[in-house]
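Undergrad: This structure is in structure tokens; I'll ask about it shortly.
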Amino acid sequence: MKTAFKRTTISASLLTKTFVAAGLLSLLITGCSKDDDGGSYYNTPPPATQEATVFSAAGDSSTIIGTINQFRAVLGDSLNFTTGKTSGRREVNWDGVPSTFTNQNNFPFDFFNSTNPADPDGRKRGIVYSNTGTSFRVDSTDFSEIDASYAAQFDAFSRKRLFTYIGSNISEAIFKVAGTNTDAFVKGFGVIFSDVDDANATTIEFFNGTQSLGVFKAPARNAQGGLSFLGVHFDNEKVTRIKITSGSGVLAAGNKDISDGGTNDLVVMDDFFYNEPLVNN
């Protein structure tokens, strides 16, 4: 069953509206398809039409910031720092992560959605990462402590910490009402990636429950810089879960990027952007 998509693409150099079939641009969804990481079958057919606005840009920080600001405006002009909000947006950078959780493989899955009343509001941003048996790492050394070759591999958008999933290039997150255990949804989500060489390898898949809303590709880096931004906003859908595929390999000692003679495209993450998570009734 093919699903028609209305897709609006906004990039640093292009503002066009296109209408494409789901079989094009990696947006094919079937009613009974198996998640490629071994998850369960999705038996609920998708609705007849999805509408998504895609924001993408590649280059250095000065090149991609215009597209990021467009995405911010769609998410909500107000950047929220406290709980109890029902509009506006949230952002996650890794620069305020304490030293106890930096340069170690011990970043808590719920760090940005603590439900402890004693924790500061900065720990309550409504996003929880899924524990699939490995660990997250926030790093201030460009991951050079894992392999020295990485020191010159990755650029940061917001200095200087970057983020990756150790042991897998696939990570997932769900949304909660900020500071609570209440299930929530967002309408849009975006990521800044570092060192995307393969334009087909780094993606974000969006879900409403078990129903996939589509797979969207991050643009490859270019001569202007090593950063890639991808953000997607849905007008008429709820996003309860996102699945991020960062390149085609994992960071490990001796594992080189394809631009450094290796066999895999190694990609890490920087800032996240999403609208205020709202209760999923």
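Undergrad: Please report the Cα spread of segment 182-258 along all three principal axes, rounded to whole Å, starting with the longest.
TA: 41, 28, 20
Undergrad: Also, I was wondering about something else. Principal axes first, then extents: for the Cα atoms of segment 76-194, list largest minus smallest coordinate on each axis, whole Å, largest first.
TA: For segment 76-194, the Cα extents along the three principal axes come out at 44, 31, 26 Å.
Undergrad: Now a separate question. Can you put 160, 124, 187, 85 in order of Cβ neighbours within 10 angstrom, beginning with the fewest?
TA: Starting with the residue having the fewest Cβ neighbours, the order is 160, 85, 187, 124.
Undergrad: Roughly how many Å is it from the Cα centre of segment 97-139 to that of segment 244-279, as a whole number?
TA: 18 Å
Undergrad: Dipole of segment 188-281, Cα-centred, from +1 at each Lys and Arg C-beta and -1 at each Asp and Glu C-beta, to the nearest 20 debye? Let's see the in-between values first.
TA: Values: 6 positive and 12 negative charges, 46 e Å.
Dipole magnitude for segment 188-281 comes out near 220 debye.
Undergrad: Work out from phi, with θ = phi - 60° and the Karplus expression 6.51 cos²θ - 1.76 cosθ + 1.60, the ³J(HN,Hα) of each residue of segment 209-220, listed in order in whole Hz, and give x for Gly and Pro.
TA: Karplus values, whole Hz, x for Gly and Pro: x, 9, 8, 6, 9, x, 10, 10, 9, 7, x, 6.
Undergrad: Quick check: net charge around residue 242, other residues with Cβ under 10 Å of its Cβ, Lys/Arg +1 and Asp/Glu -1?
TA: Values: positive: 241, 243; negative: 172, 205.
Cβ neighbours under 10 Å give a net charge of 0.
Coordinate-derived values only; no laboratory data. What you see is a predicted model, and the numbers here were worked out from it, not measured in a lab. Cβ: placed from backbone, ideal geometry, glycine included. Neighbour counts: every protein chain shown.
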